[in-house]
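S.K.: Below: one structure in structure tokens.
Read-outs: derived from the displayed coordinates by stated rules, not from any lab. If you're wondering where the values come from, they're calculated on a predicted model, not measured in any experiment. Because the Cβ atoms are built from the backbone with ideal geometry, glycine has one as well, and the counts that use them run over all protein chains shown.
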Amino acid sequence: MTASLFDAHRPQTEGIVPLGEGAAVLRGFAYMQGEALLAQVHAIADAAPFRHLVTPGGHTMSVAMNNCGALGWISDPRGYRYSPTDPLTGNPWPTMPEAFMALARRAAAELGFDDFVPDACLVNRYAPGAKLSMHQDRNERRDTQPIVSVSLGIPAMFRFGGQGRDVKPLDVPLFHGDVVVWGGPSRMNYHGIAPLKEASHPLTERYRFNLTFRTAR
Ligand code: MD3
Ligand code: FE
């Protein structure tokens, strides 16, 4: 199951797909590290189990989440926020693995963000049918720091909207190994994930994992 340059599952596309000023998909940027990244995801989940958070509106999210790094994104009936501890265990979140930090910094630098220092990594786990409704990410620093996301496992359709809720989203498929950098003006765009289609991946079975690196403090 080791990744290789000659791999029947490897998407044929490589290179940069621009999405707007300061935002682009880096196709296959994490492909060769997929297996190592997934091993770290499982180690994180041993200490901080995936869980379905409840929104302030009282809905249980279809995406299961956990975090690593100094701060973790959480939702509960009181609101959305970053917390230094896991409310399930009371412990600090697992440390962000060096390889996560290095990958996120290398990806950000590709778009010219040379001093990206993420202190939060939200890990999202999607099973077929899970989705993320259109939203903005408003709980972090929004000035100079981008957000970097890494897709692993089965594919998803990312829906990239505009600054207002009215803009019709652009649909961008994301595959195992794709990395996306969101900085500049598009940092505050509405976005979401369409309900995942039934699929299977040799390294994750029926799951998609997404690592989202942010600067929260
Ligand atoms: C574009 N996650 O966790 S990651 C989220 O694939 C989230 O799990 C999606 O949206 C996922 O909040 C998309 C990429 C992402 C993250 C933040 C963004 C794209 C963004 C902020 C602004 C614009
Ligand atoms: Fe988001």
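S.K.: Choose one of A130, A45, N66: the residue whose Cα lies farthest towards the positive end of the charge dipole of the chain (beta-carbon charges +1 Lys, Arg; -1 Asp, Glu; about the Cα centre).
M.R.: Farthest towards the positive end: A130.
S.K.: Cβ neighbours within 10 Å, averaged per peptide: list 170-182, 86-98 in order, most packed at the top.
M.R.: Final packing ranking: 170-182, 86-98.
S.K.: May I ask for log10 I(q)/I(0) of the range 89-148 at q = 0.19, 0.28 Å⁻¹, from a Debye sum over the Cα atoms as equal point scatterers with solvent left out?
M.R.: -0.93, -1.19
S.K.: So, one more: GNM, the chain, Cα, under 10 Å: largest mean-square fluctuation among R51, R187, R78?
M.R.: Maximum among the listed residues: R78.
S.K.: How big is the charge dipole of the range 116-164 about its Cα centre, in debye rounded to the nearest 20, if each Lys and Arg gets +1 on its Cβ and each Asp and Glu gets -1 on its Cβ?
M.R.: Dipole magnitude for the range 116-164 comes out near 200 debye.
S.K.: Counting other C-beta atoms within 10 Å, and keeping those with at most 12, which DSSP coil chymotrypsin sites (Phe, Trp or Tyr not before Pro) do you find in the range 12-76?
M.R.: none
S.K.: Quick one: which residues, 5 or more positions from A23 or on another chain, have an amide H under 5 Å from its amide H? H modelled 1.01 Å from N in the peptide plane, none for Pro or chain starts.
M.R.: G183
S.K.: Could I ask something else about it? Could you work out how far the C-alpha centroid of the range 66-134 sits from that of the range 195-217, in angstrom?
M.R.: 13
S.K.: Starting from the Cα of A47, move 7 Å in the Cα-to-Cβ direction to define the label point; list residues of the range 95-128 whose amide nitrogen is under 12 Å from there.
M.R.: 95-98
S.K.: Would you please put 149-162, 117-130 in order of how densely packed they are, using the mean number of other Cβ atoms within 10 angstrom per residue and starting with the highest?
M.R.: 149-162, 117-130
S.K.: Suppose R0 equals 30 Å. What FRET efficiency, 1/(1 + (r/R0)^6) with r the Cβ-Cβ distance, do R217 and T55 give to the nearest 0.05?
M.R.: 0.80
S.K.: Here's a follow-up. Could you work out the Rg to Rh ratio of the chain, with Rh taken as the Kirkwood radius (inverse of the mean 1/r over all Cα pairs)?
M.R.: Expressed as Rg/Rh, it is 0.93.
S.K.: Choose one of S151, P185, G164: the residue whose Cα lies farthest towards the positive end of the charge dipole of the range 125-198 (beta-carbon charges +1 Lys, Arg; -1 Asp, Glu; about the Cα centre).
M.R.: Most positive-ward Cα: G164.
S.K.: Nearest 20 debye, what's the magnitude of the dipole of the range 2-135 about its Cα centre given +1 on Lys and Arg Cβ and -1 on Asp and Glu Cβ?
M.R.: Approximately 440 debye in magnitude.
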